[in-house]
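The values are calculated or read from the model by the stated rules, or taken from the named source; none is laboratory data. These numbers were taken from a predicted model, which means no experiment stands behind them. With ideal geometry, Cβ positions are generated from the backbone for all residues, glycine too; neighbour counts draw on all protein chains shown. Just the protein is used for accessible areas: all its heavy atoms, side chains included, with ligands, DNA and RNA removed. Shrake-Rupley method; radii C 1.70, N 1.55, O 1.52, S 1.80 Å.
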Amino acid sequence: MNDGTIPAVPLKKLETLWLQVGGTLCNLECTHCFISCGPKNDTIAMMSFAQVKERLEESKTLGVKDYYITGGEVFINPEIFEILAVILRYGPLDVLTNGTQISAVKARRLREIQDSADHPLRFRVSMESFEEGANDAIRGKNAYRKAVAGIRCLAHAGFSPILTVTRTWEEEQDAEMESRFIEFLRAAEVPKPQVKILPGFLLGKLADNERPYRDEEYVTEKCFEDFDITQLQCATSRMATGDGVYVCPILVDNPKARMGDNIEETLRPFPLSHSACYTCRVTGMTCKSAP
Ligand code: SF4
Ligand code: SF4
């Protein structure tokens, strides 16, 4: 596999802007979190409303079509509702959350924000299992109960949250697991149940608790002889934080992936020298909602 040369992914067209609104702060401490988020990890600060607004104005001039926010946990950002409302003035928004902070009152407020917005607001709620014990073994005590309550609140407010699950089973079992998760969402009264299965990245807590990447796990030019490199999400998106713009959500805590102070400075190719790029290549992975 190794022909010795590291390819660079071109920026084909900037379509999607990610915003690290929750920083690395999270109320949970999942054992597989690839950026090791938790209640005490403030390595990446939350984004303020003013910082989000600045990146949005820039994104508009660059023709960005849609937006994603993530963390950490976005609902512990004290300005989250103002942030959601302002992003929806610019385009469709997908919110990545662990769901545990969403109450009936918050869900109603989210409904009001959606009803007065021009663009769609969607949610992705992350869990591990439809079984409480298996879920909480990774996500911590009561995470299952709180996430199910959050999903139900969103469903009652008329949203259809997409369930996001990190694969802890063999890929051949995807179809079976997906149908079990769909049943789980139906039981939670989600109107249009959908599931997104993601590969694990051997970074952060997952590297500590499972294993880090092996020396041979990286990409070379040869890896893209039969794979269109512009299918990688870094060919069409960038990740904004409160401290600069990074290539993608996966490498957001890696200083080598920081491409500039603003989006304009990141409109250039990025060398795929990180082992995480190997996971993107072999799985065809994208963090976006649509497969
Ligand atoms: S995986 Fe998600 S919910 Fe879990 S600690 Fe990381 S950011 Fe928080
Ligand atoms: S980790 Fe994936 S999305 Fe990020 S730069 Fe590498 S290939 Fe692109």
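Distance between the C-alpha centers of segment 53-90 and segment 227-261? Whole Å please.
Cα centroid to Cα centroid, the span is 16 Å.
If I take every Cα pair under 8 Å that is 6 or more residues apart in the chain, average their sequence separation and divide by the length, what percent do I get for the relative contact order?
Averaging sequence separation for qualifying contacts and normalising by length gives 26 percent for the chain.
For the chain, just list the percent of Cα-Cα distances falling in each 5 Å bin from zero outward, please.
For the chain, the binned pair fractions read 1, 5, 12, 17, 19, 18, 14, 9, 4, 1, 0, 0 percent.
Highest mean first, what order results for 216-226, 250-260, 19-29 on Cβ atoms within 10 Å?
Those peptides, ordered most packed to least, come out 19-29, 250-260, 216-226.
Please report the antiparallel percentage of DSSP beta bridges with both residues in the chain, rounded to the nearest 5.
The antiparallel proportion sits near 20 percent.
Report, to the nearest whole %, how much of the accessible area of segment 8-283 belongs to carbon and sulfur atoms, 1.4 Å probe, protein only. The partial results should precede the final answer.
On the way: 5980 of 12310 Å².
Taking all protein chains in place, segment 8-283 shows 49 percent carbon and sulfur surface.
For segment 55-214, divide the Cα radius of gyration by the Kirkwood radius and give the resulting Rg/Rh value with two decimals.
0.99
In Å², what does the accessible area per residue of the chain work out to with a 1.4 Å probe? Don't skip to the end; give the middle numbers.
On the way: 13180 Å² over 291 residues.
Accessible area per residue: 45 Å².
What does the extension gain come out to for residue 230 and residue 111, with contour length at 0.36 nm per residue minus their alpha carbon separation?
39.3 nm
Can you tell me, using C-alpha contacts under 8 Å and at least 6 residues apart, the relative contact order of segment 130-246 as a whole percent? Please report the intermediate quantities before stating the final value.
Working: 87 pairs, mean separation 23.3, N = 117.
The value is 20 percent.
Leaving out same-chain residues fewer than 8 places away, which lysines sit with a Cα under 26 Å from that of residue 146?
40, 106, 192, 196, 205, 288
Can you give the helix-only mean residue ellipticity at 222 nm for the chain, where every DSSP H stretch with n ≥ 4 adds -39500 (n - 2.57) and the sum goes over all residues, rounded to the nearest 500 deg cm²/dmol? Working shown, then result.
On the way: 8 runs with 83 residues, N = 291.
For the chain, the value works out to -8500 deg cm²/dmol.
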